[in-house]
Structure formats: structure tokens, C-alpha cells
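Bear in mind these aren't lab numbers, they're just calculated from the coordinates by the rules spelled out. The model shown is predicted, which means the values in this text are computed figures rather than measured ones. Note: ideal-geometry Cβ built from the backbone for every residue, glycine included; neighbour counts use all protein chains shown.
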Amino acid sequence: MTKYEIMFIVKATMEESEIKKTANDVQKLINQKPSKVIEFKEMGRKKLAYPIKKEVSGYYYVMTVSADHETISEFDRKVSINEKVLRHLIIKLESE
């Protein structure tokens, strides 16, 4: 298993319950055997540096995961399709 750090931004113009549901749905994409989420942090609402899809702010989330390449590829594909997620970034962490 390889460790990754994933950051994603959810639209802030939705209801708070919908924002939480979207964050949980994104987290569930990783929580499939044998992959798992090690750490999940809500960074809160922040102003974007520039408008993305006419949005000026978003809710930031960061999670550290242990996953295989296939799971990360499928996660990337599904999050790219999700209109509630403005942006996402996947970083492969160095081996310890």
C-alpha cells in the first residue's frame, strides 16, 4: 500500500448537510478494502484565490490515505465527474 495525501474543495453555496454528505461520499470512495483513510481533516470555509465554476469560496478537506494505484485512479475519475467537488489534488507521499 502506498500513502497519499488528498485535498479537495466542495462548493460552499450548498446547504451544510449537503456539504457534509459530499465530504463523506468522497471519503467512502477510498474506504474500500484493502484501502483506508488514515486521517481526515476539515479545514473549513475559505475564499478561493480565483473563481472556480463561478464559486468564490469553498470548504476545504484534507485526508491521508493508504491505497493501491487502482483505488486512487478510480477515486480520481469519480471525483472529476462530481459537480459538487470544485477541485482535488492527489499527492503521493514519500516512503518512510
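Selection within the stretch 67-81: residues that are hydrophobic (A, V, I, L, M, F, W, C) and touching a Leu at 6+ places or on another chain (Cβ under 9 Å). The member of this set that is surrounded by the fewest Cβ atoms within 10 Å (Cβ to Cβ) is VAL79. Scanning the stretch 55-77 for residues that are more than 16 Å from SER35 (Cα to Cα) and either in contact (Cβ under 8 Å) with a residue 12 or more places away in the chain or polar (S, T, N, Q) (or both) returns GLU55, SER57, GLY58, TYR59, TYR60, TYR61, VAL62. Considered as a group, the residues in the stretch 36-54 that are without any contact (Cβ under 8 Å) to a residue 12 or more places away in the chain and of a type outside the set (D, E, K, R) include one that is nearest to GLU5 (Cα to Cα), and that residue is ALA49.
Specify which of the listed residues (LYS20, LYS3, LYS47) is exposed (fewer than 11 other Cβ atoms within 10 Å of the Cβ) and either closer than 15 Å to LYS84 by Cβ or touching a strand residue (DSSP E or B) at 6+ places or on another chain (Cβ under 9 Å) (or both). Exactly one residue qualifies, and that residue is LYS47. A residue that is under 19 Å from LYS21 (Cα atoms) and touching a Phe, Trp or Tyr at 6+ places or on another chain (Cβ under 6 Å) occurs nowhere in the stretch 67-81.
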